[in-house]
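Here the structure comes first, spelled out in structure tokens, and everything after it is commentary.
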Amino acid sequence: MKWDWNAVSDFMPDFWKGLLVTLQALALGSLLSFSLGLVWALLMRTPTRWVRWPVGVVTEFVRNTPLLVQLFFLFYVLPEWGLTFSALATGVFAIGLHYSTYTMQVYRAGIEAVPAGQWEAATALNLPRARTWTAVILPQAIRRVVPALGNYVISMLKDTPLLMVITVLEMLGHARLFSQEHFQFTEPLTVIGVAFILISYLASLLMRALERRLVR
Amino acid sequence: MSADTPLTKEPDASTGTAVAGGELIRLEGVTKRFGTNTVLDDLNFSVEPGKHVTLIGPSGSGKTTILRLLMTLTKPDEGTITVDGQPLFPAPEKQVREVRKKIGMVFQQFNLFPNMSVLRNLTEAPVRVLGLSKDEAEARARELLDLVGLADKCDAKPTRLSGGQQQRVAIARALAMRPQVLLLDEVTSALDPELVAGVLDLLRDIARSTDITMLCVTHEMGFARDISDQVLMFDAGRVIEAGAPEKIFGDPEQERTREFISAVL
């Protein structure tokens, strides 16, 4: 086995295209999972059982089935029902939905960690329920859960190569195509491996900066 | 304290005068249980407007539960509670909100909102609940912070303050809602000993210079003696003795009261 720098430079144009797609999937998937997860967490706290029960069942189902199966399902079955989206949009939706069932538990823990005294002070001041959530409880809860959410960003990054199976050409997809055309495997796979480490590292720096800003 | 402090009430028909000579707070047959433990046992008492009532007694005798019932933080299992003639239990949510406007509470653990500045702790509810403009609310908040001696801490986060300062902010926050009734739940119990006096002096000032009705759970007997019009001695969920502070602290009728007071003094 020989390392060939020419193969690296040949691969780079494809790599940049794949990187862009990976970052898109990661950013949009994270946003979706963070917001959907919060919606689930809040719905699970409504007093009506008829809201909590279906949300509980659906999220439990999504959390306990493989993301890969969900990708196939959304990509091949939904069009039969007349719902067609681009491969990337389907992938972002699948990742966001799948991980929202994890982030909802993170939010739940964060909300439960806000001391009861905060609710009591809000009641004593007669604050409306919605205002208590948006001004008192959630700002404190979210501040607490940023590190845990950050871990899920890294997990989502590592799951983006799954999008390859629904024809999304992210980094791994491009590396694989390149390898098959040029019979050079080491260089493209190494390049994307290094890229994954760097993105993870940058993402963790970003989350830490966000954490510091929020805690201040 | 001069007569034009921010605490002095404007002449306003909705305050004490409406029930002059009557009762502002009334508890009838109030029973509260936690599991098999009865913390309040068929309790009856009432408070006249402007009076300062101190609740004393051993831990677990139900004193704090009364304040929590009045603040609607918990519900009685039996009995009725009325404030200013309006029932608090049972009552629809909308009416509970109306009644709650008349009541403010200061907690043992301060419970300031750590995500807001000191100033916003004081303006949040006046703006959102009373409908004050931001400027009005801030003016009111600054006056109150001045009153509690923390005018320079407007922009600080509560966690940057000492316990005594936090509790004074919490008192100012409760007063910013201009309540008719102020509930004080062991407000100095969580403070370092050297910070207690400052908070108690502030409360003495407020008791002297305003017509706010006060219900106060405390273990500070000197303070209780100073500010109270009436002292209620609790034991096992019942009021076993009630009277003027001179009577309760000087010559109590019940042996249990005598024991308790000699134990805490």
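Just so it is clear, none of the values below were taken in a lab; they were calculated from the coordinates. Since this is a predicted model, take the numbers as computed values, not measurements. Because the Cβ atoms are built from the backbone with ideal geometry, glycine has one as well, and the counts that use them run over all protein chains shown.
Scanning region B:46-74 for residues being within 14 Å of chain A (Cβ to nearest Cβ), in a loop (DSSP other than H, G, I, E, B) and not hydrophobic (A, V, I, L, M, F, W, C) gives a total of 2. B:Ile171 meets the conditions (1) more than 11 Å from chain A (Cβ to nearest Cβ); (2) under 19 Å from the mean Cα position of the chain (by Cα); (3) more than 30 Å from A:Leu214 (Cβ to Cβ); (4) in contact (Cβ under 8 Å) with a residue 40 or more places away in the chain in every case but one. The failed one is (3). The set of residues in region A:79-104 being within 21 Å of the chain's Cα centre (by Cα) and without any contact (Cβ under 8 Å) to a residue 24 or more places away in the chain consists of A:Phe85, A:Ser86, A:Ala89. Of note, A:His174 satisfies the criterion of being part of a helix (DSSP H, G or I), in contact (Cβ under 8 Å) with a residue 24 or more places away in the chain and over 16 Å from A:Phe34 (Cβ atoms). Just one of the listed residues (B:Val106, B:Val129, B:Val118) is within 9 Å of chain A (Cβ to nearest Cβ), surrounded by 15 or more Cβ atoms within 10 Å (Cβ to Cβ) and over 18 Å from the mean Cα position of the chain (by Cα), and it is B:Val129.
Taking (1) surrounded by 16 or more Cβ atoms within 10 Å (Cβ to Cβ); (2) out of contact with any Asp or Glu (no Cβ under 7 Å at 6 or more places or on another chain); (3) within 14 Å of another protein chain (Cβ to nearest Cβ); (4) not charged (D, E, K, R) in turn, A:Ala116 satisfies each apart from (1).
Of all the residues that make up region A:27-64, how many are among the basic types (Lys, Arg) and without any contact (Cβ under 8 Å) to a residue 12 or more places away in the chain? Spell out the reasoning first.
Looking only at region A:27-64, we keep the residues that are among the basic types (Lys, Arg), and these are A:45, A:49, A:52, A:63.
Retained after the next criterion (residues that are without any contact (Cβ under 8 Å) to a residue 12 or more places away in the chain): A:49, A:52.
Residues meeting the conditions: 2.
Condition check ((1) of a type in the set (A, V, I, L, M); (2) touching a residue at least 40 places away in the same chain (Cβ under 8 Å)) across all residues:
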{"residue": "B:Asp41", "(1), (2)": "no, yes"}
{"residue": "B:Val53", "(1), (2)": "yes, yes"}
{"residue": "B:Thr72", "(1), (2)": "no, no"}
{"residue": "B:Pro76", "(1), (2)": "no, yes"}
{"residue": "B:Gly79", "(1), (2)": "no, yes"}
{"residue": "B:Pro92", "(1), (2)": "no, no"}
{"residue": "B:Glu98", "(1), (2)": "no, no"}
{"residue": "B:Lys102", "(1), (2)": "no, yes"}
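Taking region A:52-78 as the range and being surrounded by fewer than 14 Cβ atoms within 10 Å (Cβ to Cβ), over 19 Å from A:Thr103 (Cα atoms) and more than 19 Å from the chain's Cα centre (by Cα) as the test, the residues that pass are A:Tyr76, A:Val77. Could you check region A:133-167 and list, in sequence order, the residues that are of a type in the set (Ser, Thr, Tyr) and either more than 14 Å from chain B (Cβ to nearest Cβ) or buried (at least 21 other Cβ atoms within 10 Å of the Cβ) (or both)? A:Tyr152, A:Ser155, A:Thr160, A:Thr167, listed by residue number.
If the condition is being surrounded by fewer than 22 Cβ atoms within 10 Å (Cβ to Cβ), away from chain A (no Cβ under 14 Å) and within 20 Å of the chain's Cα centre (by Cα), then region B:82-103 contributes B:Thr82, B:Gly85, B:Gln86, B:Pro87, B:Phe89.
Results for (1) under 12 Å from B:Leu184 (Cα atoms); (2) among the charged types (D, E, K, R), shown as yes or no for each residue.
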| site | (1), (2) |
| --- | --- |
| B:Ser61 | no, no |
| B:Arg68 | yes, yes |
| B:Thr74 | no, no |
| B:Gln86 | no, no |
| B:Pro92 | no, no |
| B:Val96 | no, no |
| B:Val99 | no, no |
| B:Met105 | yes, no |
| B:Gln108 | yes, no |
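Reported count of residues in region A:28-56, each being hydroxyl-bearing (Ser, Thr, Tyr) and in a helix (DSSP H, G or I), is 3. Tell me, which residue of region B:132-145 that is touching a residue at least 12 places away in the same chain (Cβ under 8 Å) and acidic (Asp, Glu) is nearest to the other protein chains (Cβ to nearest Cβ)? Among those residues, the one meeting the criterion is B:Glu138.
Summed over region A:22-41, residues that are crowded, with 17+ Cβ neighbours inside 10 Å, aliphatic (A, V, I, L, M) and farther than 17 Å from A:Leu202 by Cα total 4. Listed by first and then second residue, the pairs with beta-carbon distance under 7 Å, at least 6 apart or on different chains, first residue in region B:251-265 and more than 14 Å from B:Met221 (Cβ to Cβ), second part of a loop (DSSP other than H, G, I, E, B), form an empty list.
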